[in-house]
Amino acid sequence: MSGRARPRGLHTRRRWFQIASLATFMTLLTLTVWPLGRVYLGAFLVTDPLIALNSAINGVVVGPLVIGEVLMLLAPLLVGRAFCGYLCPTGALIEWLGPHKGLGTHLSPRARGVLRKAPAFVLLACAGLALFASGAFLLFDPLAILTRTATVLLYPMLDRVLRLAGDVLYLAPPLRIPVDFLSNAAAGRLVFSRPLAFDLPLFVLGMAAAIVGVSWLEPRLWCRHLCPLGALLGLTGRFAVLGRTVDPEKCIACGRCEAACPLDSIRDDYLATDTSRCQVCLECADVCPVDAIAMGSRPARSAYRPDRRSVLAAGGLAAAAGFFTFTGLRRAERDAHLIRPPGGREESDLVALCTRCGQCLKVCPTNVLQPAVLQAGAEGLFTPRMDFQSGQCEWSCNECGKVCPTGAIQPLTLEVKHHTVIGRAYIDQNRCIPWADGLTCLVCQELCPVAEKAIIIDTAQVTTPTGKKVTLGHPRVVAERCIGCGVCEHVCPVPHESAIRVYATGTERRSG
């Protein structure tokens, strides 16, 4: 081994880029709250070409997404997959949380060869789903994964921890003023007016744990072989102008560069580079004992070229993925209680365009927006739905459409939103307190936010169980006025299941 000190400048600079990118991402996500300011996470997601490409395939062109797609797909032509090594916040976390050297260093050559083919299969499977109008593959987009994980797990956990810490610290009188100051500063961003709770936390946790966990089989296995965004960037990255160059006269074939490469982009001769994988981190240059490696133009390329069998297999996978969308993922009929947010596109378009990023859930002030489980079929997993047991659609809020990066939820003005019908409320007279029990209850009518009340009270003479005749008000929904905001269902005092519920328009409902 050479006695010279290994320069760590390149490695350190890349770490600072990763830290800055992750800090920017989390800051923007933290600012994605109601009321929404001018800066929020959408500014980051427009750089995601996978999202833009899916939108374009489904016939929706969003200006900022097009700009982001062009920039992100042209950048690899210059510097390969530099985004993966320097700017991807998900990749940074995977790298930091995983082992530097995992069991993958002991994988057989055959296993490594199979994994090397995976990006082509992943990309074609995604294309098959997109062409058959399913955005389910965006569940695996790295930026959507991080947004979703932070929204469903991190922020609810932070909210509870900070509440508990504030309560404990407030017991000490000298700390009350700073605690009040910090509480006010964090209000609405890290500490919320009501505890956050979302469906599918174990699914989100399991997915995040699996992506990090496979790094113990091979360092950054997800980034190397399975990430769909990485595969897309690698498609143009194989033609990169700049990249790793090796001076063959200096190279001593020690193999340290190959061992240090985080994305397995260095070939067995140590001179050629798979530019479809190289993230231009130059970790190889840091460990080279003879300074044979540098950044230069016209790198020696050795990108993987699939054989005919692999192409046919990948094409079959793409077709199967698309076919499975129609046969195995979709519900035969719509769930009567599947209510989409105001501005949501027609069901098939929403499912095709939704990134499953969870920004709309994050910005919702009442927690009414929840991820769909199987209400929309498996292909609709984690698309947004209204859960009126958790909250109601805030009358003065229209932020979900603003933060949606693809227009799956279209932005609406408040005036338009107030006249947008997302469902209709129906009363179950067998459970409604005035109808079933002969007692007074006007909560739903009193809190209905529609200017011309969508719930009115019909008075009637009724006989109580004691035989006494009384005048009682019975609530009744005026269907043509109801927009389905869910306030009535949320505030109904009947336990377990509200006596008044909102049904999706066009579905079969109980009369009432």
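Bear in mind that the values in this text are calculations on the coordinates, not laboratory data. Everything numeric in this text was worked out from a predicted model, so none of it was measured. FYI the Cβ positions are ideal-geometry reconstructions off the backbone, even for glycines, and counts take in every protein chain you see.
Annotations for the structure displayed:
- Residues T236, T383 arranged by fewest to most Cβ contacts within 10 Å: T236, T383
- Q461 paired with A294, simple spin-label distance in nm, labels 7 Å along Cα-to-beta-carbon: 10.3 nm
- If you plug the beta carbon distance of E480 and D437 into 1/(1 + (r/R0)^6) with R0 = 25 Å, you get a FRET efficiency near 0.30.
- Potential extension, A111-A378 segment - 0.36 nm per residue separation minus Cα distance: 93.0 nm
- Potential lengthening between R163 and S348 on full extension [0.36 nm per residue; Cα-Cα distance subtracted]: 62.6 nm
- Nearest-0.05 FRET efficiency for L175 and E446, computed from C-beta distance (R0 51 Å): 0.80
- Cross-link reach is defined here as a Cα-Cα straight distance under 24 Å, omitting same-chain residues fewer than 8 places apart; for K402 the lysines meeting it are K362, K417.
- Chymotrypsin sites (Phe, Trp or Tyr not before Pro) lying in DSSP loop within the range 202-299, provided at most 13 other Cβ fall within 10 Å: none
- The listed peptides 280-289, 260-269, ordered by packing as a protection proxy, come out as 280-289, 260-269 (highest mean of other Cβ atoms within 10 Å first).
- Pairwise FRET efficiency - T27 versus V494, Cβ, R0 = 51 Å, nearest 0.05: 0.75
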